[in-house]
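Working notes, beginning with the structure itself.
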Amino acid sequence: MILYLNNGEQIRGDIIKSAVLRSDMPPIPVTLEAEIRADEAIVKKLSEGEILTVGGRSASSGDALRIIKSTRVENRLVQGKREMDAIQITAILDACHDIAFVRSRAIIKENGALSAIYRAAGATIKAVDADFPVPRFYCPIGDTPSFHIARALQEEGGIVRWKDGRLKFFRLPDLFRQKPIMELPENASDYVDSGFLERHEIPWFFSLNDTGGFVFGDQRKPRSVRFSPFMNSQRLRNMSRCLVQRKTSKINLSPVIVAGDLISYVGRDPLVVITAAHAFQSGTDGSGSNQFSRLWLGSLED
């Protein structure tokens with residue numbers, strides 16, 4: 001895994017003890033967790049607020065991540081005769097990192113585009129591919145915008161994912177209309193059945209219209225029930241539509257795979273990547289490094 005410091009200097013692979021780059025489907029879709037052997041010269045460059053770049057052939061071509069947590073672990077290991085400290089860091093996508101902070105001013109918008117909501121919350125993205133208007137968006141003082149953006153995405157029946165330096169919105173059914181990025185054998189992963197949990201954790205919703213009458217969502221399956229105000233029947237149905245995890249697969253390191261990609265399986269319907277975790281672990285006993293990708297994959301519950 002290639003990491004660059006804010007000054008463009010590449011972090012040597014031999015001092016990266018471990019690193020996990022995750023691509024996911026929340027409003028901030030990329031995160032990094034790493035432990036790096038460090039001396040005094042590099043400690044300040046890995047402090048909270050500093051920028052790391054991951055991937056790409058240079059610091060200007062990868063994804064910029066901002067460190068939000070930095071923990072110094074003293075005397076973690078010995079290299080030769082010199083004791084070496086380590087830095088454990090957590091970083092998130094810099095273009096979206098401000099939406100994770102608690103607000104001191106409220107954000108209230110009606111029929112505002114998703115990209116405009118991101119920018120109002122402090123994100124620096126220029127646009128969202130396949131943008132859409134959000135009928136009502138509000139983030140009160142003391143709340144985090146990322147939570148309310150996730151709710152808006154659920155009401156629209158879709159997700160966002162980060163790929164090739166751009167944020168894109170997908171409605172859940174459209175994820176399965178893509179061309180598969182990879183084919184895997186059926187025995188390459190574990191299959192998960194979770195019908196009992198789905199009944200309890202995926203509710204159907206109802207609301208009230210302007211005259212006080214009931215508006216119902218998807219009632220086809222016996223599930224728990226939730227009330228949601230100011231919703232029409234389409235948005236109520238969207239809120240019960242979700243991805244359900246079906247498989248986990250561990251494959252050779254494939255950092256090009258991101259959340260939202262479609263994976264086909266021999267003899268089964270294709271599944272979409274919910275989370276892709278790309279891991280690097282350096283050997284501590286002379287056994288060399290270990291690199292792999294772990295995929296959490298799901299089907300559409302409609």
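Values for this structure:
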quantity: Of all residues making up the range 101-124, the number that are in a loop (DSSP other than H, G, I, E, B) and surrounded by 15 or more Cβ atoms within 10 Å (Cβ to Cβ); calculated: 4
quantity: Strands (runs of 3 or more DSSP E) contained entirely in the range 215-283, each with at least 2 residues that are in contact with a Phe, Trp or Tyr (Cβ under 9 Å, 6 or more places away or on another chain) and crowded, with 18+ Cβ neighbours inside 10 Å; calculated: 242-252, 268-281
quantity: One residue from 141, 181 being over 17 Å from the mean Cα position of the chain (by Cα) and farther than 30 Å from residue 265 by Cα; calculated: 141
quantity: Residue 201, sole failed condition from (1) surrounded by 12 or more Cβ atoms within 10 Å (Cβ to Cβ); (2) within 14 Å of residue 155 (Cα to Cα); calculated: (2)
quantity: Check on residue 62, at positive phi and not acidic (Asp, Glu); calculated: no
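No lab work stands behind these numbers, since they all come straight from the coordinates. The structure presented is a predicted model; accordingly, all values stated were derived computationally and were not measured. All Cβ positions, even for glycine, are placed from backbone atoms using ideal geometry, and neighbour counts span all protein chains on display.
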